[in-house]
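Have a look at the structure below before the remarks.
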Amino acid sequence: VLLSTLGQLPGGNERWAAERDRIRDWVENNAWSEPRQSYVMYPGSEKLDASVLLHAASGFDRTERMSGTIDAIESELGRGVLVYRYSGMQREEGTFVACAFWMAAALACVGRTDEARARMTELVSLGNDVGLYSEMIDAETHEFLGNLPQGLSHLALINAAITIDELGR
């Protein structure tokens, strides 16, 4: 639903639909890597950014391109069910909890519901004794790193649970 339809943006729906389509075309033509079969961090780059997983949940892309992007991110940035934020972060910080939940939601969005559920089950088991999550988790030891509790981690968990439930019916 366009925000203009709800009266949240001035201007006609046609204008905003045209802008939406123009942005989609630009991203599809400039932020896609044919060799990687993945959306990339920025045009001309081959680097990955896990925030691109939000394309699926937002409805921007739920096609084979997003499925390929999920696989590329899993291959380069994934460590078990955990996910680093973007290319090169493995040397600088722990895995970013929100990204792991974004991955679970994205899997459901592209129809890979069994994988999404399995990932979610394992991720939920990583919470502490009262079910809270930190900002980051060490990929090897599962030690919590960064801020605790981390609101973004919990928001991503809730959104992933809702998405998997709704799309997995």
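The values are calculated or read from the model by the stated rules, or taken from the named source; none is laboratory data. Note that the structure is a prediction, hence the values are computed from the model and not measured. Glycine also receives a Cβ, built like all others from the backbone with ideal geometry; neighbour counts cover every protein chain displayed. Surface accessibility is based on the protein's heavy atoms, side chains included, excluding ligands, DNA and RNA. Shrake-Rupley method; radii C 1.70, N 1.55, O 1.52, S 1.80 Å.
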Is it the case that some residue within the range 140-147 is of a type in the set (S, T, N, Q), on the phi < 0 side of the Ramachandran plot and either within 14 Å of the chain's Cα centre (by Cα) or not in a helix (DSSP H, G or I) (or both)? yes
Do we have any residue at all in the range 90-100 that's under 30 Å from residue 19 (Cα atoms) and at pLDDT 95 or above? yes
Subset tally (residues that are at pLDDT 90 or above, open to solvent by less than 100 Å² (accessible area, probe 1.4 Å) and either of a type in the set (S, T, N, Q) or closer than 17 Å to residue 72 by Cα (or both)) for the range 1-43: 12
Find all pairs meeting these conditions: Cβ atoms under 8 angstrom apart; at least six residues apart or on different chains; first residue within the range 153-169 and under 14 Å from residue 123 (Cα atoms); second residue part of a helix (DSSP H, G or I) and open to solvent by 30 Å² or more (accessible area, probe 1.4 Å). 156/102; 157/124; 159/57; 160/102; 164/117
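Take residue 73 and tell me if it is among the β-branched types (Val, Ile, Thr), under 26 Å from residue 60 (Cβ atoms), in contact (Cβ under 8 Å) with a residue 60 or more places away in the chain and buried (at least 19 other Cβ atoms within 10 Å of the Cβ).
no
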Of the residues in the range 91-129, those that are of a type in the set (S, T, N, Q), open to solvent by 20 Å² or more (accessible area, probe 1.4 Å) and out of contact with any helix residue (DSSP H, G or I) (no Cβ under 8 Å at 6 or more places or on another chain) come to 121, 125, 128
Positions within the range 76-90 being open to solvent by 50 Å² or more (accessible area, probe 1.4 Å) and of a type in the set (Gly, Ala, Ser), in sequence order: 80
Looking at the range 47-63, which of its residues are open to solvent by 20 Å² or more (accessible area, probe 1.4 Å) and either closer than 24 Å to residue 162 by Cβ or without any contact (Cβ under 8 Å) to a residue 24 or more places away in the chain (or both)? 49, 51, 54, 55, 57, 58, 59, 60, 62, 63
